[in-house]
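Chemist: I have a structure here, written as structure tokens, and I will follow up with some questions on it.
The values are calculated or read from the model by the stated rules, or taken from the named source; none is laboratory data. No experiment lies behind these values; they were computed from the predicted model shown. Using ideal geometry, Cβ is built from the backbone for each residue, glycine included, and neighbour counts are taken over all protein chains shown. Heads up: the accessible areas ignore ligands, DNA and RNA and are worked out on the full protein's heavy atoms, side chains in. Shrake-Rupley method; radii C 1.70, N 1.55, O 1.52, S 1.80 Å.
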Amino acid sequence: MLEHISTPNAPAAIGPYSQAVKAGGFLYLSGMMPINPADGTLAPSEIKAQTAQILKNIDALLTDAGYCEADVVKTTCFLSDIANFGAFNEVYAEYFTHKPARSCFAVKDLPKGALAEVEVVAYK
């Protein structure tokens, strides 16, 4: 059975999808954007600030679903400019200290002009 997870502590979905879906012990988070859930604004247009906001949003959704950072087994990261890879990694590494599996791609554009977006799969 699938359980749709939603929390006001992470940005609301900006399309026809769930913030997260739980399937058995797996939790699949939709791509998290660098949006402040309190007011819906995009974090400052700097990769480190946007990455930090994304990770705060991921943490809020994981926590509200009963998971934690250590339960994350895979992330997929999207960057609007591969030149931001190093700075993105600096902030990412501070949060994901257990080094889950990861893919990282440069993409042409991201919604709302974001510099990064991160999808997460967790297991508990």
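A quick yes/no check of all residues on (1) of a type in the set (Ser, Thr, Tyr); (2) in contact with a strand residue (DSSP E or B) (Cβ under 9 Å, 6 or more places away or on another chain); (3) closer than 23 Å to Lys108 by Cβ:
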site: Pro34; (1), (2), (3): no, yes, yes
site: Leu42; (1), (2), (3): no, yes, yes
site: Lys48; (1), (2), (3): no, no, yes
site: Asp71; (1), (2), (3): no, yes, no
site: Cys77; (1), (2), (3): no, yes, yes
site: Ser80; (1), (2), (3): yes, yes, yes
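Chemist: Let me ask something else. I want to confirm something. Restricting to the range 97-124 and keeping residues that are assigned to a helix (DSSP H, G or I) and not charged (D, E, K, R), which single residue is surrounded by the fewest Cβ atoms within 10 Å (Cβ to Cβ)?
Modeler: My answer is Gly113.
Chemist: Among the listed residues Tyr28, Tyr17, identify the single one that is among the aromatic types (Phe, Trp, Tyr), open to solvent by 40 Å² or more (accessible area, probe 1.4 Å) and part of a loop (DSSP other than H, G, I, E, B).
Modeler: That would be Tyr17, the only listed residue that is among the aromatic types (Phe, Trp, Tyr), open to solvent by 40 Å² or more (accessible area, probe 1.4 Å) and part of a loop (DSSP other than H, G, I, E, B).
Chemist: Still on this structure, I have one more. Can you find a residue in the range 51-63 that is at positive phi and modelled with pLDDT of 95 or more? Spell out how you get there, then give the answer.
Modeler: Filtering the range 51-63 for residues at positive phi gives none.
The answer is no; no qualifying residue exists.
Chemist: Could I ask something else about it? Select, from Ile5, Ile47, the only residue that is in contact (Cβ under 8 Å) with a residue 24 or more places away in the chain, surrounded by 12 or more Cβ atoms within 10 Å (Cβ to Cβ) and over 18 Å from Tyr123 (Cα atoms).
Modeler: Ile47
Chemist: Let me ask something additional. Is one or more of the residues making up the range 73-82 closer than 23 Å to Gln19 by Cβ, part of a helix (DSSP H, G or I), over 13 Å from the mean Cα position of the chain (by Cα) and of a type outside the set (A, V, I, L, M)?
Modeler: no
Chemist: I would also like to ask the following. Return the pairs, sorted by first residue and then second, in which the second residue is among the small types (Gly, Ala, Ser) and in a strand (DSSP E or B), the first residue lies in the range 69-84 and is without any contact (Cβ under 8 Å) to a residue 60 or more places away in the chain, the beta carbons are less than 6 Å apart, and the residues are 6+ apart or on different chains.
Modeler: Cβ pairs passing all conditions: Asp71/Ala122; Val72/Ala122; Lys74/Ala101; Thr76/Ser103; Leu79/Ala106; Leu79/Ala116; Ile82/Ala106.
Chemist: Being under 19 Å from Lys99 (Cα atoms) and out of contact with any Pro (no Cβ under 8 Å at 6 or more places or on another chain) is the filter here; which residues of the range 62-76 pass it?
Modeler: Once the filter is applied, which keeps residues that are under 19 Å from Lys99 (Cα atoms) and out of contact with any Pro (no Cβ under 8 Å at 6 or more places or on another chain), the range 62-76 yields Leu62, Thr63, Tyr67, Cys68, Glu69, Ala70, Asp71, Thr76.
Chemist: Looking at Gly66, Gly86, Gly40, which is the one that is surrounded by fewer than 17 Cβ atoms within 10 Å (Cβ to Cβ), small (Gly, Ala, Ser), in a loop (DSSP other than H, G, I, E, B) and at pLDDT 95 or above?
Modeler: Gly66
Chemist: Something else now. List, please: which pairs have Cβ atoms under 6 Å, are six or more places apart or on different chains, and start with a residue in the range 8-28 that is in contact (Cβ under 8 Å) with a residue 60 or more places away in the chain and end with one that is open to solvent by 80 Å² or more (accessible area, probe 1.4 Å) and in a loop (DSSP other than H, G, I, E, B)?
Modeler: Every condition considered, the pairs that remain are Gly25/Lys124.
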